[in-house]
There are 2 protein chains.
Amino acid sequence: MTKFGIAIFPSKKLQDLANSYRKRYDPHYSLIPPHITVKNAFEATDEEIAAISSKLKQVGEKTKPFTLRAYKISSFQPVNNVIYMKVDTTPELLALHEALHTEDLGGAPELSFVPHITVAQKLSDDEHSDVYGSLRMAGINFEETVDRFHLLYQLENGSWTVYETFRLGSEK
Amino acid sequence: MTKFGIAIFPSKKLQDLANSYRKRYDPHYSLIPPHITVKNAFEATDEEIAAISSKLKQVGEKTKPFTLRAYKISSFQPVNNVIYMKVDTTPELLALHEALHTEDLGGAPELSFVPHITVAQKLSDDEHSDVYGSLRMAGINFEETVDRFHLLYQLENGSWTVYETFRLGSEK
């Protein structure tokens with residue numbers, strides 16, 4: 001069994017900004033580029049992933065490219081000390097998330113979907129309040145087009161390798 | 001301008017083995033998963049990469065999945081102190097490499113193609129001879145099927161994000 005997950009990588013510009021924070025405040029900095037998780041980690045065999053892959057291709061073809069807006073810095077506190085760039089919950093993003101959680105793709109997620117790009121985690125309470133304060137002051141306001149998502153798998157060392165990219169919109 | 005490159009990721013098993021060496025001996029360990037470079041870094045604008053992308057899709061469709069064999073540990077010394085898993089230069093791999101270096105994709109590469117998976121680099125001469133000795137003793141013998149390649153771009157911090165995956169063989 002291999003552990004898979006599905007993510008959207010924002011533009012290089014937004015990734016570079018996120019990394020400038022993650023470098024100092026996110027221990028997962030070197031394991032995966034800045035991303036929006038659209039389906040949490042799940043286990044699958046090689047045979048299962050081939051079937052899942054063709055379903056994801058269909059999801060990609062049926063989904064149109066859409067606008068992603070990252071518009072403020074927020075935190076999951078008191079649940080945990082994760083600081084993130086809040087991503088607008090547009091109908092398109094919700095629809096994609098839903099299409100990735102149909103019965104034949106493992107069903108509904110355990111938690112409601114809060115689209116975000118993590119920039120800091122595993123901070124102490126004091127660090128959290130310092131970092132949260134300064135990042136909120138810096139703020140954020142990005143708008144860009146999402147035209148693809150990626151299926152990734154996790155290596156032994158915890159890092160993620162892309163297995164396949166799915167373009168949004170019908171095949172040209 | 002963004003810096004792009006094209007690579008094949010070997011199986012998770014082979015990546016995990018490569019990483020067990022890279023963790024200690026390769027400063028690029030956290031920047032990119034273990035890979036075989038099939039086209040060195042090149043610069044392109046957003047517009048150029050869209051055109052390149054559709055050419056790569058065609059290359060993928062025209063290339064059949066092929067067998068990749070990593071069969072011994074070797075070194076580029078005296079050119080440099082890079083230790084790598086030597087990958088068999090099969091006609092299929094050479095053909096893919098050639099298809100990625102046509103005139104409309106920037107032309108022939110500067111150096112002849114030595115397919116490999118780097119596991120150690122930037123070692124001192126003494127480290128190199130120690131590490132090379134022990135890795136050669138450990139040896140390697142992997143055979144697996146390659147059915148995709150990836151176009152990646154480099155972030156400010158030197159790490160690589162996958163832009164798109166190209167499956168080998170005609171579309172299903």
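The values are calculated or read from the model by the stated rules, or taken from the named source; none is laboratory data. Treat the numbers as computed from the prediction; the structure is a model and nothing was measured. Note that we place each Cβ from the backbone using ideal geometry, even for glycine, and neighbour counts take in every protein chain shown. Only protein heavy atoms, including side chains, enter the accessible area calculation; ligands, DNA and RNA are left aside. Shrake-Rupley method; radii C 1.70, N 1.55, O 1.52, S 1.80 Å.
Pairs meeting the criteria (first residue in the stretch A:7-31 and touching a residue at least 60 places away in the same chain (Cβ under 8 Å), second residue assigned to a helix (DSSP H, G or I) and not hydrophobic (A, V, I, L, M, F, W, C), beta carbons under 7 Å, at least 6 apart or on different chains) are A:F9/A:Q15.
Among the residues of the stretch A:32-51, the one identified as away from chain B (no Cβ under 13 Å) and of a type in the set (S, T, Y) is A:T37.
The C-beta contact set for the stretch B:153-164 (first residue more than 7 Å from every other protein chain (Cβ to nearest Cβ) and on the phi < 0 side of the Ramachandran plot, second residue in a loop (DSSP other than H, G, I, E, B) and open to solvent by 10 Å² or more (accessible area, probe 1.4 Å), distance under 8 angstrom, 6+ apart or interchain) comprises B:W160/B:L31; B:W160/B:I32. Restricting the search to the stretch A:76-94, which residues are closer than 18 Å to A:H150 by Cβ and open to solvent by 50 Å² or more (accessible area, probe 1.4 Å)? Within the stretch A:76-94, A:E92 is the sole residue that qualifies. Which residue pairs have Cβ atoms under 8 Å apart, sit 6 or more places apart or on different chains, and have a first residue in the stretch B:47-67 that is open to solvent by 50 Å² or more (accessible area, probe 1.4 Å) and a second that is polar (S, T, N, Q) and assigned to a helix (DSSP H, G or I)? Cβ pairs passing all conditions: none.
I'd like to know if the stretch A:2-21 contains one or more residues that are of a type in the set (A, V, I, L, M), surrounded by 17 or more Cβ atoms within 10 Å (Cβ to Cβ), within 12 Å of chain B (Cβ to nearest Cβ) and not in a helix (DSSP H, G or I). So far as the stretch A:2-21 goes, yes, one or more of its residues are of a type in the set (A, V, I, L, M), surrounded by 17 or more Cβ atoms within 10 Å (Cβ to Cβ), within 12 Å of chain B (Cβ to nearest Cβ) and not in a helix (DSSP H, G or I). Condition check: open to solvent by 30 Å² or more (accessible area, probe 1.4 Å), assigned to a strand (DSSP E or B) and over 25 Å from A:N19 (Cβ atoms). Does B:K72 satisfy that? Yes, satisfied.
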